[in-house]
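Q: I'd like to ask you about the structure that follows.
Read-outs: derived from the displayed coordinates by stated rules, not from any lab. Owing to the predicted nature of the structure, the values given are computational and were not obtained by experimental measurement. Cβ: placed from backbone, ideal geometry, glycine included. Neighbour counts: every protein chain shown.
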Amino acid sequence: MSPRILAALCLVCAVSGFQLVDALTTRRTGPISSVRVVKEKPTATPTLTNSPLPSGNPSTPLPSENLPAQKQPQSLLELANACEKAGSPAQSRLALMEAISKLKPEELEGMLAVEAGNNDFFRSGRFDFQFAAKRLSEIAPEKAAALWLKTQAAHPSSDILLSSWAKKDPQAFASWSLGLPTDAQRALSGTMAQLVTEDPQRLMGIAAQLAGSPAGVSGARGAIAGMIAKASKGADPAEAIAYAQALPEGPMRTAALAELARWPSLDPGAHPEIAAALSELSPSQARRYLPQVTAVADKLPQGALRDSAYAAQMTGAAKKNPQAAAQKVESLSGTPDYPAAVRGFVEATATKDPAAAIEWALTIPQTGAQRSAALEKAAAAYFRSKPADALKWVKTAPLSSEEYLMLTGRTR
Amino acid sequence: MKPPILLSASLAAGICAGIAARWSEIASSPSASPTPVSDVAPSGVSIKSTISPLQDASVTEEVPLLGTSEKEDFHSLTPEKQRNALLNLSTHISKEGTCGDQLLMARVVNQLTFEQTSLLLESLAKPEDGKTVQPAAARTALLERLAALNPERALELGKSSQDPKATQTALMALAQKSGAEALKAMAQLPEKFRGSVMGEMRQGFNDGIGKATGTLSELTAALKANPELFDPKSNAEGTVRRLVGQVASQAATSDPNAAMRDLRKMASELVPAGENSKAAESALVAKIASQMTRTLRSEGGSADLVVFNSLAENEKNSFMVTLEAAAQFRRQGTEAAIQFAEKQSSEQFPKDAATGVWWALAQQDRPAALQWIESLPQGAFRDGALNSVMQESNFRTRSWGDTEQSIKAGMDLVSKRSQLDYFAVMAQQRRGDGTSSSEFISSLPLTDADKRELRRRMAPIQMK
């Protein structure tokens, strides 16, 4: 035999021996084969090239010093608890990340599905769930999205199942979202807002698709919120306004323009497009911008938002100085803003002096929402503090039939 | 040696060499197989090129470091290169980092010595071009590494630099070694600084990584020596409660009755004797038990129920009852859950239990849960279920506090009677949306007759 053949044979045998050990170590492992807990000393730090992350690759097992050989974790919780034994929080976290990163998509999916039924309402907020969910979103987005649909109602922090995929492929994410029931589309608001808050341009590519979706509205709001977070006081909002106006006409554009009311030091009254968008919102939606518009109530177009702003302005003023506020309210008498101003004044004073507050409410001349609300507030406070007086008052008060029914539940 | 013998010996040697090589690789120590530098983002190399596509999340792509293809250990890089690599990786993690990036950060930091870690932290804090960078992920990883290597020393560094995050990570690591020692260390922090540290630490406990260890008697001794930590007005109370809750939960996993006995003993030893001492003891037990039931529910088994059942009425709260009822439903079904609700003696708790039961049922089958309401008699249980319809809807659609979504959920109810009951509950429970009951009722998609009926129910002045 020539030395060259002998050397070749030796090489073949060496490789065989190498593979034999590999085969033996592989056979010893269970379904979650690569899950091992590492202790700090000695810390097994496999080279990154030798233990690649993609699931399904055979990877170098780490020494198992804490887990009983026969008992491999069967759930994410067991896995996390086992990794706790690795040492400090940093070591526990590393061991857990190593273990999760080596799970196959179906193993991860199974473990996360079990956690969806966990009785702990807060379970999805924990690091192990968050990391596992993010990982599934990276390696098997379709499984992660299906799991989100099953878990999102029970677990508030399960949106991470979507975030990596949404960032990676916003178009696919948007298309998928449009096939969901409306309530599920609404539930994507957090994911959508997160997606575009980081990078508002992400929305532009999918805006047309999402024009009629509740997620589109959240995205539009989130994009502007992201710009506001980066804007310094006094920064020019022109670019952000142009961005908002480039969005499809309708709820998305309205939401984006309304959100601009929060721009640092911006006067919504000086930007008619923003004021107009604010006035298009429903009263409950508009209330989120009250802090920004209260001081400029007189610059807003007539409507629900202007009324709310005047009411809030007077409530604030009456809490500080009731007499000055009363004078201000008087000065608005005869104007369209008077009812809302009185309502705000009554809101602030009803508990302290309900009898006076109810007389103020009666000064609102026309019937309507402001008068009803003010009467209701003052009457409730009156009845709580002096029920006999309130009963006596209501019998003779100059109320319409509808108002009497509203305050007493009875017809006169 | 004859050729056949030589051949056999050579083959055997070859096999042995192969086996030895593979075992050696499997059992390799950090120093034997450190992370190649090419796997972390080095200075001068775009982080993009070192982070593989999201789909495979691999961190194995080979990128030469500054023109060299040789692999180096991360821990043997110059401090400047280490700093730059961590900065790049941290920036990437904060933007679009994958699990692979997070793992890579943990792996490379895991190679560092205390001194290296400490130096890197210092260098990260230095301004660059007049700007101080905030590499949150790198900083957190380095602080945790420091704490892992020597929590006591890390704590001293955190205290001396008045760094809440550094102090918090050290305390978490210390608590994992000994909860009592962590409490003693907390007590030594200046009060104002402790407030900042405790804020960070509460989040650490919520994260669920790193559990405090020890016994309740050890914690009692530490808290007796430092009673201010458990004072309800103290800035440490919330964190201490979580720490004690973790230790008590671990004890309760094996013997919940014994754990509760120990907890009551702890309360009696910590609360000074006086007029209201019994109430104060109950308050303390209630706070810890709330943590315990939450942890134990997550672990499975029925230890949470044992803990819950051992509590007096004034030691329970609404949220605890809601969650326990939901857990009962999931484990044992409707009948057991209703029995659980009926057993609650206060007026409010059956309502809270109903909220939990309905919520859990809705997770399984919402239409069936809506139909079930029709079979419930008027009373607290039904009110609780109706209240849950609103909460579940807000939760499921992530539209907390959204009046319009709550109205939509109410319209899903099967009968008009249930809808009116629901809106009456909703009218009472709305918070801060600024509308009056009359405005709210006007906005409902109901007939005028139904609105009149609601106005009658909601009338502020009740005529006899």
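Q: Considering segment B:392-441 alone, what residues qualify as being touching a helix residue (DSSP H, G or I) at 6+ places or on another chain (Cβ under 6 Å) and on the phi > 0 side of the Ramachandran plot?
A: Matches in segment B:392-441: B:R398, B:G434.
Q: Kindly list, by first and then second residue, each pair from a residue in segment A:72-101 that is facing chain B (nearest Cβ under 8 Å) and without any contact (Cβ under 8 Å) to a residue 12 or more places away in the chain to a residue that is among the charged types (D, E, K, R) and surrounded by 24 or more Cβ atoms within 10 Å (Cβ to Cβ), limited to pairs with Cβ atoms under 9 Å and residues at least 6 apart or on different chains.
A: Once the first residue is facing chain B (nearest Cβ under 8 Å) and without any contact (Cβ under 8 Å) to a residue 12 or more places away in the chain and sits in segment A:72-101, its partners that are among the charged types (D, E, K, R) and surrounded by 24 or more Cβ atoms within 10 Å (Cβ to Cβ) give A:P89/B:E144; A:A90/B:E144; A:A90/B:R145.
Q: Looking at the structure I just gave you, is B:K408 surrounded by 20 or more Cβ atoms within 10 Å (Cβ to Cβ), in contact (Cβ under 8 Å) with a residue 12 or more places away in the chain and assigned to a helix (DSSP H, G or I)? Steps first, answer last, please.
A: Details: surrounded by 20 or more Cβ atoms within 10 Å (Cβ to Cβ): no; in contact (Cβ under 8 Å) with a residue 12 or more places away in the chain: yes; assigned to a helix (DSSP H, G or I): yes.
Spelling it out, it is not the case that B:K408 is surrounded by 20 or more Cβ atoms within 10 Å (Cβ to Cβ), in contact (Cβ under 8 Å) with a residue 12 or more places away in the chain and assigned to a helix (DSSP H, G or I).
Q: When the residues of segment A:300-321 are narrowed to those that are surrounded by fewer than 16 Cβ atoms within 10 Å (Cβ to Cβ) and part of a helix (DSSP H, G or I), which ends up nearest to the chain's Cα centre (by Cα)?
A: Top of the filtered list is A:G316.
Q: Looking only at segment B:218-237, decide whether some residue is within 14 Å of the chain's Cα centre (by Cα) and under 15 Å from B:A180 (Cα atoms). Don't jump to the end; show me each part of the working.
A: Narrowing segment B:218-237 to residues within 14 Å of the chain's Cα centre (by Cα): none.
No, the conditions are met nowhere in segment B:218-237.
Q: Can you tell me which residue within segment B:156-198, out of those that are among the hydroxyl-bearing types (S, T, Y) and not in a helix (DSSP H, G or I), is surrounded by the most Cβ atoms within 10 Å (Cβ to Cβ)? Before the answer, list the steps.
A: If we filter segment B:156-198 for residues that are among the hydroxyl-bearing types (S, T, Y), which is where we start, we get B:160-161, B:167, B:169, B:178, B:196.
Going one step further and asking which of them are not in a helix (DSSP H, G or I), we end up with B:161, B:178.
Details: B:S161: 13, B:S178: 18.
So, considering only residues that are among the hydroxyl-bearing types (S, T, Y) and not in a helix (DSSP H, G or I), the one surrounded by the most Cβ atoms within 10 Å (Cβ to Cβ) is B:S178.
Q: Please verify whether segment A:173-180 includes one or more residues that are out of contact with any Asp or Glu (no Cβ under 7 Å at 6 or more places or on another chain) and outside any helix (DSSP H, G or I). First the steps, then the outcome.
A: Kept after step one, since they are out of contact with any Asp or Glu (no Cβ under 7 Å at 6 or more places or on another chain), are these residues of segment A:173-180: A:173-180.
Those still in the list that are outside any helix (DSSP H, G or I) too: A:179-180.
So far as segment A:173-180 goes, yes, one or more of its residues are out of contact with any Asp or Glu (no Cβ under 7 Å at 6 or more places or on another chain) and outside any helix (DSSP H, G or I).
Q: Please identify the pairs in which a residue from segment B:448-462 that is within 10 Å of chain A (Cβ to nearest Cβ) has its Cβ atom under 7 Å from the Cβ atom of a residue that is charged (D, E, K, R) and surrounded by 16 or more Cβ atoms within 10 Å (Cβ to Cβ), counting only partners at least 6 apart or on another chain.
A: So the pair list comes out as B:P460/A:E376.
Q: Turning to a different aspect of this structure: Determine whether B:S298 is free of Cβ contacts under 8 Å to residues at least 12 places away in the same chain and within 16 Å of B:G356 (Cβ to Cβ).
A: Values: free of Cβ contacts under 8 Å to residues at least 12 places away in the same chain: yes; within 16 Å of B:G356 (Cβ to Cβ): yes.
For B:S298, the condition - free of Cβ contacts under 8 Å to residues at least 12 places away in the same chain and within 16 Å of B:G356 (Cβ to Cβ) - is met.
Q: Could you list all residues from segment A:107-156 that are acidic (D, E), free of Cβ contacts under 8 Å to residues at least 24 places away in the same chain and part of a helix (DSSP H, G or I)?
A: Here is the first cut: in segment A:107-156, the residues acidic (D, E) are A:107, A:109, A:115, A:120, A:128, A:138, A:142.
Still in the list and also free of Cβ contacts under 8 Å to residues at least 24 places away in the same chain: A:120, A:142.
Passing the criteria: only A:E142.
Q: Where in segment A:184-296 are there helices (runs of 4 or more DSSP H), lying fully within it, with 2 or more residues that are at positive phi and surrounded by 16 or more Cβ atoms within 10 Å (Cβ to Cβ)? Break it down stepwise before answering.
A: Values: elements: A:189-198, A:201-204, A:214-230, A:238-245, A:251-259, A:272-280, A:283-286, A:290-293.
In segment A:184-296, no matching helices (runs of 4 or more DSSP H) lie anywhere.
Q: Please find, within segment A:180-200, the residue that is farthest from the other protein chains (Cβ to nearest Cβ) out of those that are of a type in the set (D, E) and in contact with a helix residue (DSSP H, G or I) (Cβ under 7 Å, 6 or more places away or on another chain).
A: My answer is A:E198.
Q: Mind listing whichever residues of segment B:216-249 are surrounded by 16 or more Cβ atoms within 10 Å (Cβ to Cβ) and of a type in the set (S, T, Y)?
A: Across segment B:216-249, the qualifying residues are B:T220, B:S234, B:T239, B:S249.
Q: Which number in (1) under 27 Å from A:Q91 (Cβ atoms); (2) assigned to a loop (DSSP other than H, G, I, E, B) marks the one condition that B:S249 misses?
A: Answer for B:S249: the failing condition is (2).
Q: Out of A:D307, A:D298, I need the residue that is under 27 Å from A:E280 (Cα atoms), out of contact with any Ser or Thr (no Cβ under 7 Å at 6 or more places or on another chain) and in contact (Cβ under 8 Å) with a residue 60 or more places away in the chain. Which one?
A: Values: A:D298 fails: in contact (Cβ under 8 Å) with a residue 60 or more places away in the chain.
Only one candidate qualifies: A:D307.
Q: If a residue has to be of a type in the set (D, E), within 9 Å of chain A (Cβ to nearest Cβ) and more than 28 Å from the chain's Cα centre (by Cα) to count, how many in segment B:386-445 make the cut?
A: Start the filter on segment B:386-445 by keeping residues that are of a type in the set (D, E), which leaves B:392, B:402, B:404, B:412, B:421, B:433, B:439.
Next, only the ones that are within 9 Å of chain A (Cβ to nearest Cβ) stay: B:392, B:402, B:404, B:433, B:439.
With more than 28 Å from the chain's Cα centre (by Cα) added as a condition, the list becomes B:404, B:433, B:439.
Number of matching residues: 3.
Q: In addition: Restricting to segment A:359-400, and then to whatever is within 23 Å of A:E330 (Cβ to Cβ) and charged (D, E, K, R), can you tell me which residue is nearest to the other protein chains (Cβ to nearest Cβ)?
A: Ranking the candidates gives A:E376 first.
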